[in-house]
Amino acid sequence: MYTIGIDVGGTFTDLVAIGPDQGAVFAKSPSTPADQSLGVMTGLAELAGKLGLDRLDLLARTTRLVHGTTVATNALLERKGAKVALLTTEGHRDILEMREGLKGDRYDLRTPPPEPLVPRERRFGVRERLGPDGAIRIPLDDASLSEAIEAIRRSDATSVAVCYLHAYRNPAHEIATVERLRRELPEIYVSRSSDVWPQIKEFERVSTTVVNSYVGPAVQHYLGNLERRLAEAGFAGSLFIILSHGGMAPIEEASRLAAGTVLSGPAGGISGCRRCAELLGVTDLIPFDMGGTSTDISLIADGRAMLTADAGLAGERIALRSLDIASIAAGGGSIASVDAGGTLHVGPASAGSQPGPACYGNGGTAATVTDANVVLGYLGAETFMGGRRRLDRSAAEAAVGKIGTALGVSLEQAAAGIHRMVNLGMADGIRLMTLRRGVDPRRFAMVSFGGAAGLHAVEVARELEIPRVIVPVAASVLSAWGMLASDLRYEVGRTSIGTGRVGAETIRTVIADLESVAVSRMKAWFEGPVRIERSAEMRYGEQIFEIDVDLDGIELSAPDLVEQIDRRFHQRHEDLYTYASPDQEVVFVNARVSAVGDVPRVNENGAIKELVGPARPKGVRTVFLGGPAEVPVYDFASLGPNHRIAGPALIESETTTILIGRTDALSVNALGWLDIEIGRG
């Protein structure tokens with residue numbers, strides 16, 4: 001029986017299958033943005049062929065399929081989500097525009113205000129009011145609600161977000177409103193804030209609920225289509241979706257909490273890197289995922305991935321916890337251009353999968369990073385995707401040549417400039433994730449993955465003085481591979497802030513209630529072992545933003561429970577900001593519990609080949625390394641443990657190519673992965 005991971009990217013859909021008697025087998029298929037499920041089904045047929053099966057046989061033998069989707073991501077980025085109406089407490093309908101009173105760049109007086117996802121004419125106030133303690137001050141007014149529902153009907157909204165003041169304390173009014181909506185507007189998608197994000201802070205709660213309603217119909221429609229297509233193709237196993245926090249959930253949960261899928265694809269890559277850390281015995285890694293349209297960067301420190309509640313996408317605030325990932329508009333399809341002042345730019349525009357880079361031969365004429373790599377000789381025109389897809393070198397040269405003409409430099413210099421510019425942009429992204437947080441990147445190793453990363457990771461690492469780059473065998477499909485190392489996860493939180501200091505009994509009661517809810521939900525999905533993770537969001541009394549504090553390992557029955565939690569907070573504050581203030585009041589704002597269903601690990605690597613003799617290149621290629629150079633080309637599949645290669649060299653596989661420089665040294669570790677020691681420039 002097989003388990004399959006699927007990651008839909010902007011250019012390619014990656015698929016990985018792991019069987020009982022073999023390691024990972026993977027395939028790539030062009031993505032189909034109009035309906036991602038078409039590309040998924042095509043990719044499954046190609047994956048089946050790699051296993052000597054047809055698609056029907058493969059799906060019939062598959063017990064678990066884990067999927068990362070970009071449907072919610074694309075809906076937000078392209079502003080192609082649902083037509084949302086907002087029901088909120090009378091007098092509060094402008095919170096989406098008021099936001100938190102801050103601009104992204106508060107010193108830029110010309111910054112236009114963000115355009116809210118719900119225009120004012122579709123935001124309706126309902127007469128009701130709860131106090132901050134959850135007590136009903138003004139009962140839900142049926143006549144006012146009826147007027148709002150009729151206004152929604154006239155507005156032709158396809159989705160509704162319900163967010164009343166202080167509903168995180170008492171959801172009664174929201175629940176009653178949703179019941180009316182489902183009776184009177186049964187075809188409409190509905191989200192309520194007390195279900196999506198039941199915590200203090202009005203703007204965050206409204207924004208997150210609106211985003212959920214904005215992307216929810218598209219996610220629900222897509223997942224329904226995918227489930228139907230899979231069933232028709234013979235799949236009877238379990239289908240799970242990766243959420244932004246790195247855990248997976250059934251499609252019913254992903255449809256309900258659609259805002260939790262906006263980082264679904266990149267989250268699989270971080271899960272894969274966590275698994276790499278376990279297999280390598282390395283605790284500090286920088287995941288570096290470069291695909292066709294973007295590069296995703298994050299941190300794994302002390303073996304744990306960073307989580308954040310401060311995420312957002314396309315200018316929209318999403319307060320659900322997610323993996324802390326910086327996404328940069330830099331990928332193989334990033335388009336190079338020269339502005340009126342003669343300055344070279346790379347990105348943010350991308351050629352995507354259609355038409356794609358000029359060298360793909362699909363009608364693209366703009367110069368991209370991939371075209372530059374073809375001109376430089378880094379990508380073999382005849383060996384791309386194992387020789388199944390030849391690249392058009394002349395088209396790449398024509399596209400990059402236009403950049404060279406605009407800059408007044410040679411073809412090779414223009415290509416080298418594009419390559420250098422995209423590397424610098426990605427290095428800056430890593431600086432944002434490390435140096436700006438007081439983290440020294442030189443103590444980390446980089447994990448290079450994604451189809452385009454291998455040609456850039458070494459130079460990016462050199463720029464930052466990162467000493468080591470790891471390239472797993474499944475590097476080009478690591479997000480899909482990592483999904484198979486993900487566990488089921490359900491998170492629930494509750495605001496516990498009061499007028500005074502929260503006592504130990506209150507903390508114990510709240511956490512016990514949350515654990516009961518989380519475990520109950522997990523048991524409905526999963527029959528295996530379930531473990532609990534606890535955390536809290538806390539701040540000093542004079543602060544307005546909280547930090548996440550890990551509570552694992554603290555015994556709830558301890559007589560000094562509050563003091564232990566306070567000490568954890570002071571230490572976390574010092575870790576983040578280099579100082580703590582033990583004499584200041586500590587405020588316990590939100591309690592959070594995660595129920596994690598530990599999925600059994602499979603043998604991702606299979607049997608490792610024991611190869612005899614030195615590594616032998618399969619050929620030589622002329623590449624541009626400041627000037628023409630003859631560089632040996634090795635087949636990744638021909639390399640085994642203890643093989644060593646001195647740079648410069650190219651390592652080719654069917655789905656990726658890795659470039660190592662003149663001063664670098666490569667060795668193959670016991671897993672069959674590339675371990676590159678980075679030399680000076």
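The values are calculated or read from the model by the stated rules, or taken from the named source; none is laboratory data. These numbers were taken from a predicted model, which means no experiment stands behind them. Backbone-built Cβ (ideal geometry, glycine too); neighbour counts: all protein chains shown. Accessible surface areas use protein heavy atoms only, side chains included; no ligands, DNA or RNA. Shrake-Rupley method; radii C 1.70, N 1.55, O 1.52, S 1.80 Å.
Under 27 Å Cα to Cα from residue 83, which lysines show up? Leave out anything in the same chain fewer than 8 places away.
103, 201
Given H placed on each backbone N at 1.01 Å, which residues far from residue 123 in sequence or on other chains put an amide H within less than 5 Å of it?
The answer is 86.
Probe 1.4 Å, all protein chains in place: accessible area of residue 560 in Å², nearest 10?
Counting only protein heavy atoms, residue 560 exposes about 50 Å² to solvent.
How big is the antiparallel share of DSSP beta bridges in the chain, given as a percent to the nearest 5?
Of those bridges, close to 70 percent are antiparallel.
Taking only protein heavy atoms into account and a 1.4 Å probe, give the accessible area per residue of region 156-290 in Å².
Roughly 29 Å² per residue, with all protein chains present.
Quick one: order 368, 293 from most to least accessible surface, probe 1.4 Å.
293, 368
Considering only the other residues whose Cβ falls under 12 Å of the Cβ of residue 28, what net charge follows from Lys and Arg at +1 and Asp and Glu at -1?
-1
Taking the Cα centre of region 219-378 as origin, work out the dipole magnitude from +1 charges on Lys and Arg Cβ and -1 charges on Asp and Glu Cβ, in debye rounded to 20. Walk me through the numbers before you get to the answer.
Values: 8 positive and 14 negative charges, 46 e Å.
In debye, rounded to 20, region 219-378 gives about 220.
Could you tell me which residue out of 471, 260, 8 lies farthest along the dipole of the chain toward its positive end? Charges go on the beta carbon: Lys and Arg +1, Asp and Glu -1, centred on the Cα centre.
Highest projection toward the positive end goes to 8.
Nothing charged except the Cβ atoms of Lys and Arg (+1) and of Asp and Glu (-1): what's the magnitude of the dipole of region 148-220 about its Cα centre? Round to the nearest 20 debye.
Here the size comes out at about 100 debye.
Sorted by mean Cβ packing within 10 Å, highest first, what order do the peptides 251-259, 152-160 take? Before the final figure, lay out each step's value.
On the way: 251-259: 22.4, 152-160: 17.9.
Top to bottom by mean Cβ count within 10 Å: 251-259, 152-160.
What order, most packed first, do the peptides 357-364, 475-482 have when packing is the mean number of other Cβ atoms within 10 Å of each residue? Working shown, then result.
On the way: 357-364: 22.1, 475-482: 30.6.
In descending order of packing, they fall as 475-482, 357-364.
Please state the shape class of region 300-413: rounded when a/c is under 1.5, otherwise prolate if a/b exceeds b/c and oblate if not, all from the C-alpha gyration tensor.
Because a/c hits 1.5 or more and a/b exceeds b/c, region 300-413 counts as prolate.
Tell me the accessible surface of residue 635 in square angstrom (1.4 angstrom probe, heavy atoms of protein chains only), to the nearest ten.
Taking all protein chains as shown, residue 635 has close to 60 Å².
222 nm [θ] for the chain, helices only, -39500 (n - 2.57) per DSSP H run of 4+, per residue, to 500? Don't skip to the end; give the middle numbers.
Values: 17 runs with 215 residues, N = 681.
The per-residue figure over the chain is -10000 deg cm²/dmol.
Rank these by accessible area, largest first, 1.4 Å probe: 221, 345.
The residues order as 221, 345, largest area first.
Using modelled amide H (1.01 Å from N, peptide plane; none on Pro or chain starts), what sits under 5 Å from the amide H of residue 634, excluding residues fewer than 5 places away?
Long-range HN contacts for residue 634: 618, 650, 651, 652.
Just order 581-592, 79-90 by mean Cβ neighbour count inside 10 Å, highest at the front, would you?
79-90, 581-592
Mean Kyte-Doolittle of at least -1.0 plus a Cα span of 27 Å or more along the axis: flag which DSSP H helices in the chain meet both, please. List each step's numbers first, then the result.
Working: long enough: 202-232 (44 Å, -0.34); 411-433 (34 Å, 0.44); 504-525 (32 Å, 0.33).
Long hydrophobic helices here: 202-232, 411-433, 504-525.
Taking the Cα centre of the chain as origin and charging only Cβ (+1 Lys, Arg; -1 Asp, Glu), how large is the dipole, in debye to the nearest 20?
On the way: 70 positive and 84 negative charges, 187 e Å.
The calculation lands at about 900 debye.
Can you give me the solvent accessible area of residue 106 with a 1.4 Å probe, rounded to the nearest 10 Å²?
140
Please work out the Cα center distance from region 56-81 to region 514-563, rounded to the nearest Å.
30
Say the dipole of the chain comes from +1 at the beta carbon of Lys and Arg and -1 at that of Asp and Glu; which of 333, 62, 189 then lies farthest toward its positive end?
Checking the options against the dipole of the chain, the answer is 333.
For region 177-203 and region 341-391, what is the separation of their Cα centres, given in Å?
If we compute the Cα centre of each part, the gap is 46 Å.
Can you give me the C-alpha center-to-center distance between region 216-283 and region 408-482, rounded to a whole angstrom?
Between the Cα centre of region 216-283 and that of region 408-482, the gap is 26 Å.
Can you return the lysines within cross-link range of residue 28? Criterion is Cα-Cα under 20 Å, with same-chain partners fewer than 8 residues away left out.
Within the straight-line limit of under 20 Å, residue 28 reaches these lysines: 50.
Taking the structure as given and computing Kirkwood radius over Cα pairs in Å, which label from [x] 35.6; [y] 30.3; [z] 26.6 fits?
Computed from the coordinates, Kirkwood radius over Cα pairs in Å corresponds to [z].
If you roll a 1.4 Å probe over the chain with all protein chains in place, what percent of the accessible area is carbon or sulfur? Write down the numbers at each step before the final one.
On the way: 14070 of 27740 Å².
Its accessible area is 51 percent carbon and sulfur atoms.
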